[in-house]
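**Student:** Let me give you the structure first, and then I'll get to my questions.
Readers should treat all values here as calculations from the given coordinates under stated rules, not as data from a laboratory. If you're wondering where the values come from, they're calculated on a predicted model, not measured in any experiment. Counting neighbours? That spans all protein chains shown, and the Cβs are built from the backbone with ideal geometry, glycine included.
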Amino acid sequence: MSIQLNKAAFTARIDRIYEDWKTANKNDDYASVADVDAFVLLAGDPASEDEPPRKSTCFQQWLLGYEFPSTFILFQKDKILILCSPSKAKILSQIQGDSLIPVEILAQAKAKEPPNDALPRFFNAYESHSRIGALLKDAQSGKLLAEWDKLVSASGRVPELIDISPAISTFMSVKDEEELKSTRTAATLTSTLLKHYVASQLESILDKATKVSHETFAARVEARIGSGEGPSSKPPDTKVWSKAKGIENIDWQMVEFAYPAIIISQSSKTGYDLRYTAKSTDDNIADTGVFLVAFGLRYKSYSANIGRTFIVDPHPAQEEQYNLLLTLQSELLSFVKAGVSCRDVYQHALSYVKDHKPELEKDFIKAVGWGMGLEFRDAAYLLSPKNSRRVKADMIFNLTLGFNDLEANGRKYSLLLTDTIKVEATKSTLITEGTKQPRDTLFFLNQEEEEEKPKKTASTQRANGSPSKVKTVAGKVLRNQTRRAAHDEVNQTATAKLADHQRELHERLQTAGLEKYAEGDASGGAKEGKGWKKFQSYKGEAALPPEINKLRVVVDRKAQTVILPMNGFAVAFHINTIKNVSKNDEGEFTYLRVNFQTPGQLAGKKEDTPFENPDATFVRSVTYRSTDGHRFDGVFKQITELKKEANKREQQKKEMADVVEQGSLVELKGRRPHKLPEVFVRPALDGKRLPGEVEIHQNGLRYQSPLGSQKIDILFSNVKHLFFQPCDHELLVIVHLHLKAPIMIGKKKTSDVQFFREASDVQFDETGNRKRKHRYGDEDEVEMEQQERKRRALLNKEFKAFAEKVAEAASAVNGDPLELDIPFRELSFEGVPFRTGVRLQPTTECLVHLTDPPFLVVTLADIEIASLERVQYGLRQFDLVLVFKDFTRSPLHINSIQSSQMDDVKNWLDSVDIPMSEGPVNLNWGPIMKHVNENPFDFFQQGGWSFLGGAGGPESDHSDGSESESEFEAEGAESEYSSEESDAYSDGTGSDDEGSDFGDGDDSEDGDDWEELERKAAKADLKRADNKKKAGDSDSDEERPKKKSTSKGGKTNGKPAGKARR
């Protein structure tokens, strides 16, 4: 039998219950059972995890050691009746025969069998009594309870019910040695977690000014005991628990939190709350003020609780108030002992406060604790001014001391000090301890005010000395200014400060490049993965096709081989050794030429193809002549198709090289996962477009299609960035995941998965709004706008809350925090990263476009340098090229950014410490990156990126800059770029006045300065005059004004007519 009941404990506890029942009178703690003929314990379906344990469940566990749902127990004076299922009856049969009180078990029929008389027999015994005790406050439900209620309502004789909750609490109040052992273990775990994780982590957060929400920190605390089941489960944090004593043989499956951990600071939107039902909010933890921490742990269902107050830069009055709580706790430990009433404990505490700090009497809490055990909070032993019950030895209490609604420096705050104590004959002792002395809980910001006794300091600067990054948008800056910048701010302009900071960044970049690519690592690694690939067509002559006997050209598709006759022999060539094939007709003959891959060919991408022995003699091509043109047509077509298939296969292999095979998703068990319903996913699944739901499981997310057959699993370990984009200025509200490695969704490879919901009116049904029948005009419009705002606010709240839960779950599983990133729309700018113009929005760590596919997510930490191109006076647009630290990765081009946003883009790049450069023309980045990859160390030794020039550097004539950069400049950069831009992005209808984001093909001419325009106009006039003289004709009087007007127009708008027509 898998479940073994503790028969000795059951027998001892049943005997104690019946002994106390017999001696009960109306003046003691068992008064509620003094006059009852029997008492019944009804247990229905199990309670959800969100509900606190029911008293009936706790009583079952106390008696039997386990919870037995859908089980009834009737305690009669002569015997005990138990009604349960057949499977439970087998387990409960272990307790029969050992107790002085006989136990009779009534097993119900199995599910597929007809009902038996078990329930009627139990009910007959129940209704035979006139007064029956029950737990009237327990809300039970279930199938068995429904059948029971029918019997009770149909019966003409119903016993009088008496609430026996106080007596049940008294039965369980005094703990035996086994119960005390479990409670001490829970207390040890609670104290260890506070001392060796919570306190140290909170100190680190305050010292580094880390932005962490109360909810996130609470989730990290709860993750220390481990989570999940199976191979992907996360074990308990051994770094924390190895520091505890006496828990080497602990069963971690029996450890759980009594309630969600509570973290409160002055930034909590719910304010200070000393109740254990308080919730940690999603606000970031404040840097200063009062911090409340409380949590409890259960071991084998027995609880221990602890609560502490931490204060940063405390006021002298706050120090005195906290010290008062410490001395009050010591006073109560000596006062609380066996025989003292609960109300005397409270009155003694209140008198102590009144004697030492009379002004705090009104702020003292209304109860100083409660009894604990299997029930976390036993209201029968509440330490309040109205409870006359007396405490007994070996009882466990949660002693809570605190002050509510205090005020200092215009801010309200509360103080809390909570510990778990054990009552003894002459005093009480603490079983939770640690981290409560002022030296451990008070932090001081001003070192000048420190006393000789060292106190801990909390600095607002990061540990590494770098300026902290704060999400501010007022000045469109994402980080604080450096000390030097703040010191020189009065004397320097914004441009000069930016130039100075960029100079520092370029120097730092150059130094880092030389250190990274030292002499021993001069190669950039671009060719490390390339090597000679051997292709085997056949393992032997026997595998050759029989057609070779005719000594004709044979294409073997199965072996991917072309067999060519040479000097009477059939020679096999794998398709990968063939470069291409050509066919031409001359007279009555058809010529077929096969060209092979050979070294030394200038073949573009194949130029650096490796060979096993490049110095060997190679056959470059073979030509065949035949009068059978039709056959050569077929051979030519077969070889061409085979080559295309080989190239396609190779390309697919390269594309799939970085796709990872994710592990298995571990589903949550025991509770329902958090869900986000009615969302669409991108990339979309195959089939009809229908909304599904996203679930947060133990180690990842699952998107479930409403059809049920399609799903997408994303593991937290593969999530690199998490974004939430509200629908304030968009049609969609979005939760976006950028992955570390691509995954396959259907047949699509993707590195981004997005869940979204539309925020338009179409999603809502307003047909039931009766006001619309009678009200028209502005009032209706105002009301509709208000409803629209409310809907969008609710959508934002729902999606943000879900995204924060994803971040918390991922942080708990991975160990490293996954921060939720929200785009800064105030810093956004329009650009063309792909084929269409989109809005690009910076976040704390990335530059993103999430509204429409293809998505763009660029991690700022991966950027080596940013190059601003086509920066010329008169041009309405410029381009931005982002070069990555991985030089083998192609630079990202963001084209056609409005010149009016150039300063904003520069300030943003500078604020996130990205070096940048400016240039008047577009550079050809293919040869540049090839040159860099050939020898990065050599590249940095020769000056590195200095050839690009700095941002806002010395102003020089654009022609000079072009000559110095001619090595990498694209040929005819101005005219070529304009034509490409026009073909790729413009529809041909845009005009200068329209200011199209996609370029109109004439931007290159806008860059000429006045002198250049004058020179070109004069040259055009001279050329036109020469042509007229040669033709023997002259301009008519009607044409001259037009030409003069055209010349002036060209001079005025910077577009000479002659060049514009070109």
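**Student:** Which net charge results for the neighbourhood of residue 143, defined as the other residues with beta-carbon distances under 13 angstrom from its beta-carbon, given Lys and Arg at +1 and Asp and Glu at -1?
**Tutor:** Working: positive: 150; negative: 45, 147, 149.
Charge balance in the 13 Å sphere: -2.
**Student:** Right, here's the next one. Once fully extended, how much extra length lies between residue 852 and residue 650, figured as 0.36 nm per residue of separation less the alpha-carbon to alpha-carbon distance? Each step should come with its number before you reach the end.
**Tutor:** Working: separation 202, 0.36 × 202 = 72.72 nm, distance 2.98 nm.
That works out to 69.7 nm of additional length.
**Student:** Tell me the net charge near residue 691. Cut-off is 13 Å between Cβ atoms, residue 691 excluded, with +1 for each Lys or Arg and -1 for each Asp or Glu. Mind dumping the intermediate values first?
**Tutor:** Working: positive: 675, 682, 688, 689, 757; negative: 678, 693, 758.
Taking every other residue near residue 691 into account, the sum is +2.
**Student:** Sticking with this one: Based on the Cβ-Cβ distance of residue 341 and residue 145, what FRET efficiency does E = 1/(1 + (r/R0)^6) give at R0 = 51 Å, to the nearest 0.05? Intermediate results must be reported in sequence, preceding the final value.
**Tutor:** Numbers: r = 37 Å, r/R0 = 0.73.
The calculated FRET efficiency here is 0.85.
**Student:** Please work out the Cα center distance from the range 260-324 to the range 21-74, rounded to the nearest Å.
**Tutor:** Going from one Cα centre to the other spans 34 Å.
**Student:** Can you give me the orientation-averaged projected area of the convex hull built on the Cα atoms of the range 189-346, in nm²? Walk me through the numbers before you get to the answer.
**Tutor:** Numbers: hull surface 47.3 nm².
Directional mean of the projected Cα hull area for the range 189-346 stands at 11.8 nm².
**Student:** Hey, can you rank 637-643, 259-265 by average C-beta count inside 10 Å, highest first?
**Tutor:** Working: 637-643: 16.1, 259-265: 24.0.
Those peptides, ordered most packed to least, come out 259-265, 637-643.
**Student:** Bins of 10 Å, beginning at zero and ending with the bin holding the largest distance: percent of Cα pairs per bin for the range 54-123, please.
**Tutor:** The calculated distribution, bin by bin, is 19, 53, 26, 2.
**Student:** Moving to a separate point now. Just order 908-921, 314-327, 121-134, 621-634 by mean Cβ neighbour count inside 10 Å, highest at the front, would you? Let's see the in-between values first.
**Tutor:** Working: 908-921: 22.4, 314-327: 16.0, 121-134: 17.5, 621-634: 13.6.
Peptide ranking by packing, descending: 908-921, 121-134, 314-327, 621-634.
**Student:** By the gyration tensor of its Cα atoms, with a ≥ b ≥ c the square roots of the eigenvalues, what is the shape of the range 699-745: rounded for a/c under 1.5, prolate for a/b over b/c, or oblate? Please list the in-between numbers first.
**Tutor:** Values: a/c = 2.52, a/b = 1.25, b/c = 2.01.
Oblate, since a/c reaches 1.5 and b/c is not below a/b.
**Student:** Still on this structure, I have one more. So, in nm, how far is label residue 504 from label residue 109 when the simple model puts each one 7 Å beyond its Cα toward the Cβ?
**Tutor:** About 8.5 nm separates the two model spin labels.
**Student:** If you take the beta carbon distance between residue 96 and residue 386 as r and set R0 to 51 Å, what does 1/(1 + (r/R0)^6) give as a FRET efficiency, to the nearest 0.05? Walk me through the numbers before you get to the answer.
**Tutor:** On the way: r = 43 Å, r/R0 = 0.84.
Calculated value: 0.75.
**Student:** Listed highest first by mean packing, meaning other Cβ atoms within 10 Å per residue, what order do 363-376, 849-862, 821-834, 538-551 come in?
**Tutor:** Working: 363-376: 21.6, 849-862: 17.1, 821-834: 19.0, 538-551: 11.4.
Averaged packing, sorted descending, gives the order 363-376, 821-834, 849-862, 538-551.
**Student:** For an R0 of 51 angstrom, estimate the FRET efficiency from the Cβ-Cβ distance between residue 794 and residue 942 and round to the nearest 0.05. Write out the running numbers ahead of the final one.
**Tutor:** Values: r = 59 Å, r/R0 = 1.15.
The calculated FRET efficiency here is 0.30.
**Student:** Which of the trypsin sites (Lys or Arg not before Pro) found in the range 239-346 are loop residues per DSSP with 14 or fewer other Cβ atoms within 10 Å of their Cβ? Can you show the working numbers first?
**Tutor:** On the way: sites: 239, 243, 245, 269, 275, 279, 298, 300, 308, 337, 343; in loops: 243, 245, 269, 275, 279, 300, 337.
Sparse-neighbourhood loop trypsin sites (Lys or Arg not before Pro): 243, 245, 269, 275.
**Student:** Once label points are set 7 Å from the Cα along Cα→Cβ at both residue 834 and residue 536, what is their separation, rounded to one decimal in nm?
**Tutor:** Spacing of the two 7 Å Cα→Cβ label points: 4.3 nm.
**Student:** Continuing with this model, one more query. Roughly speaking, what is the stretch gain from residue 158 to residue 330, that is 0.36 nm per residue apart minus the C-alpha to C-alpha distance, in nm to one decimal? Please list the in-between numbers first.
**Tutor:** Details: separation 172, 0.36 × 172 = 61.92 nm, distance 5.21 nm.
So the chain would gain 56.7 nm between residue 158 and residue 330.
**Student:** If I stretch the segment between residue 744 and residue 631 completely, what's the gain in nm (0.36 nm per residue apart, minus their alpha carbon distance), one decimal? It would help to have the intermediate numbers written out before the result.
**Tutor:** Numbers: separation 113, 0.36 × 113 = 40.68 nm, distance 4.26 nm.
Gain on stretching residue 744 to residue 631: 36.4 nm.
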